[in-house]
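The values are calculated or read from the model by the stated rules, or taken from the named source; none is laboratory data. Please read these numbers as outputs of a predicted model, since none were measured by experiment. Every residue, glycine as well, gets a Cβ built from its backbone with ideal geometry; the counts of neighbours run over all protein chains shown. The protein model used for the area step is the full one, side chains on, heavy atoms only, and it has no ligands, DNA or RNA in it. Shrake-Rupley method; radii C 1.70, N 1.55, O 1.52, S 1.80 Å.
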Number of protein chains: 2
Amino acid sequence: MTHIDFAYSRDSNTQTNGKTDPAGEIHPCSACTVRTLTVCAALEAEELRRLAEILQTTRFDAGHTVFGEGDPAETLYNVTSGTVKVYKLLPDGRRQITGFLLPGDFFGLSVNDSYAYTAETVTPVSLCRFPRRRMEALLDEFPKMQRRLFSMASNELAAAQDQMLLLGRKTAKEKICSFLLLLSQRASRRGHKTNPVHVPMSRADIADYLGLTTETVSRTFTQLKTSRVISLLEGNKVQIQDMDDLLDLAEGA
Amino acid sequence: MTHIDFAYSRDSNTQTNGKTDPAGEIHPCSACTVRTLTVCAALEAEELRRLAEILQTTRFDAGHTVFGEGDPAETLYNVTSGTVKVYKLLPDGRRQITGFLLPGDFFGLSVNDSYAYTAETVTPVSLCRFPRRRMEALLDEFPKMQRRLFSMASNELAAAQDQMLLLGRKTAKEKICSFLLLLSQRASRRGHKTNPVHVPMSRADIADYLGLTTETVSRTFTQLKTSRVISLLEGNKVQIQDMDDLLDLAEGA
DNA sequence: TTTATTCTTTGATCCATGTCATGGCGGCGG
DNA sequence: CCGCCGCCATGACATGGATCAAAGAATAAA
């Protein structure tokens with residue numbers, strides 16, 4: 001997950017998706033491109049150039065469905081800015097969010113020809129799109145890229161196992177603490193402020209990620225606030241009072 | 001998951017691990033080798049030959065810990081026969097089994113240098129071992145193998161997401177039904193009898209896989225038996241009365 | 001600014017599942 | 001053959017988190 005700064009910039013076939021494009025804010029296409037490419041650090045210049053060729057960028061408003069479960073999987077995505085949630089549904093509407101994706105994360109990989117989950121934006125988002133066919137061709141050509149994607153998949157798998165432990169065996173309080181810790185760690189890894197953590201998603205989303213209800217999430221937050229483990233700040237920020245405390249609480253120690 | 005029959009056989013550096021080797025039953029080393037290699041179908045003869053060179057086979061009794069969470073990750077394993085469970089623990093002993101591995105499945109892949117979970121045999125098991133370093137070298141040499149491993153990781157990721165949905169949002173009854181369905185499907189995919197399903201693991205293991213207690217698992221089984229959805233047969237076999245019924249029950253429809 | 005609308009918090013109550021306890025059954029060693 | 005031990009089943013009871021309900025906050029619309 002090294003974010004090597006890579007001084008490569010080239011306008012690619014940028015497409016500012018109009019469907020729900022919000023007003024204001026200029027769309028820095030080449031910046032997005034560079035950002036995504038740096039995720040593929042350790043690639044050769046040639047590989048980066050080829051990647052940039054097939055990549056397009058898109059923007060979406062908050063609450064926009066990027067693709068639905070079962071849709072034909074034709075595109076691989078990389079988050080450039082904002083937060084995306086991916087989830088699965090049961091027939092009666094129960095929902096499990098399996099991940100929140102932050103800048104640098106890929107999604108939309110599929111083994112079959114259709115997506116196994118739905119992807120929806122949480123905040124306004126910009127994405128890089130890689131047409132699947134062309135991406136596959138590129139992977140065949142550059143084993144190093146494939147290797148990198150494989151290593152990313154392995155990381156995701158490890159994260160998924162942590163999440164299973166959380167869903168299957170942790171209490172509500174442990175779940176919330178683990179979640180805050182996760183956000184903090186991810187912020188740190190991407191070089192952001194780790195302590196007042198930014199929590200861009202709603203209580204309902206948090207609930208569906210942790211296998212709880214919004215009510216329980218809300219109650220647990222106030223409980224943690226009352227016991228001075230955290231405090232809730234303006235702008236969806238959460239201040240962690242004692243990181244070690246939180247770490248213990250997250251594992252029931 | 002194509003199990004192409006591949007007429008390749010060669011005695012590799014087989015090592016019948018003595019530590020807990022049970023009596024009886026001859027260990028068919030070349031058979032195991034072939035079996036594992038066929039999992040890597042679509043590989044060239046040359047690749048298979050090289051794989052066979054670095055592969056060793058081992059046997060373990062039921063209840064043997066193959067490796068523990070945090071151990072240095074030096075070996076990649078492939079199950080040749082038997083069932084293996086992998087799990088994670090919380091400090092106070094709560095356990096989440098993240099998967100049961102059947103013949104053909106790989107485990108022990110690690111992004112860091114240490115395993116992220118514990119692997120323990122459920123039944124007597126034979127395994128193929130691939131030394132990590134040599135395996136990595138081989139992957140670099142044969143992109144097709146890496147591609148295959150990547151595709152397997154993607155499949156696992158999809159399975160993990162299904163499991164998250166199960167753990168976070170399904171009821172006890174739905175969990176048990178999903179579990180039986182999963183076993184049945186996996187049996188079918190490996191060409192075994194799918195209906196009286198063989199369930200080699202204990203109630204406790206099932207509970208820790210589904211995020212339940214043994215009591216609830218037990219009760220739910222009898223409940224399903226009473227409502228004539230399944231019946232319990234000799235030798236840890238479960239007869240599914242109506243597959244469609246079970247399918248509905250597994251998703252709360 | 002006022003009014004809808006949606007999100008969050010909080011309270012009261014309920015229930016699915018956990019916890020604790022007990023007995024049966026089957027395998028295995030002596 | 002008997003007694004031990006680990007699994008499984010079942011009952012009685014407890015409880016964490018769900019559900020139902022409703023009152024604030026925040027945000028968007030008018």
All-but-one check, A:Met135 against (1) farther than 22 Å from A:Glu53 by Cβ; (2) within 14 Å of chain B (Cβ to nearest Cβ); (3) surrounded by fewer than 21 Cβ atoms within 10 Å (Cβ to Cβ), failing number (1)
With the checklist (1) within 11 Å of DNA strand D (Cβ to nearest atom); (2) over 25 Å from A:Ala116 (Cβ atoms) in hand, flag the one item B:Gly235 doesn't pass. (1)
Any residue at all in the range B:55-77 that's under 17 Å from the mean Cα position of the chain (by Cα), surrounded by fewer than 17 Cβ atoms within 10 Å (Cβ to Cβ), modelled with pLDDT of 55 or more and not in a loop (DSSP other than H, G, I, E, B)? yes
Within the range A:177-208, tally of residues that are within 13 Å of DNA strand C (Cβ to nearest atom), open to solvent by less than 20 Å² (accessible area, probe 1.4 Å) and within 14 Å of another protein chain (Cβ to nearest Cβ): 3
Scan the range A:191-214 and report the pairs whose first residue is away from DNA strand D (no atom under 13 Å from the Cβ) and whose second residue is of a type in the set (Val, Ile, Thr), with Cβ atoms within less than 6 Å and a gap of 6+ or a chain change. A:Asn195/A:Ile240; A:Val197/A:Val238; A:Met201/A:Val122
Restricting attention to the range B:108-132, and to residues there that are of a type in the set (A, V, I, L, M, F, W, C) and open to solvent by less than 20 Å² (accessible area, probe 1.4 Å), which single residue is nearest to B:Asp71 (Cα to Cα)? B:Ala119
Find the residue count for the range A:176-190, including only residues that are without any contact (Cβ under 8 Å) to a residue 40 or more places away in the chain and within 16 Å of DNA strand D (Cβ to nearest atom). 1
Right, B:Arg219: within 14 Å of DNA strand D (Cβ to nearest atom) and either out of contact with any strand residue (DSSP E or B) (no Cβ under 8 Å at 6 or more places or on another chain) or on the phi < 0 side of the Ramachandran plot (or both) or not? yes
Tell me, yes or no, whether the range A:161-174 has at least one residue that is facing another protein chain (nearest Cβ under 9 Å) and open to solvent by 50 Å² or more (accessible area, probe 1.4 Å). yes
Given the conditions (1) within 14 Å of chain B (Cβ to nearest Cβ); (2) away from DNA strand C (no atom under 11 Å from the Cβ), which single one is not true for A:Thr213? (2)
Report, ordered by the first and then the second residue, all pairs with beta carbons closer than 8 Å, sequence separation of six or more or different chains, a first member in the range B:142-155 that is touching a residue at least 12 places away in the same chain (Cβ under 8 Å), and a second member that is of a type in the set (Gly, Ala, Ser) and open to solvent by 40 Å² or more (accessible area, probe 1.4 Å). B:Lys144/B:Ala42; B:Arg148/B:Ala42
Would you pick out the residues in the range B:231-243 that are more than 16 Å from DNA strand C (Cβ to nearest atom) and either within 14 Å of chain A (Cβ to nearest Cβ) or in a loop (DSSP other than H, G, I, E, B) (or both)? B:Gln241, B:Asp242
How many residues, within the range A:140-160, are within 22 Å of A:Ser202 (Cα to Cα) and more than 7 Å from chain B (Cβ to nearest Cβ)? 1
Please tell me if B:Leu180 is in contact with an Asp or Glu (Cβ under 7 Å, 6 or more places away or on another chain) and either modelled with pLDDT of 95 or more or aromatic (Phe, Trp, Tyr) (or both). no
Hey, does the range A:66-79 have a residue that's under 20 Å from A:Ala187 (Cα atoms), touching a helix residue (DSSP H, G or I) at 6+ places or on another chain (Cβ under 6 Å) and more than 14 Å from chain B (Cβ to nearest Cβ)? yes
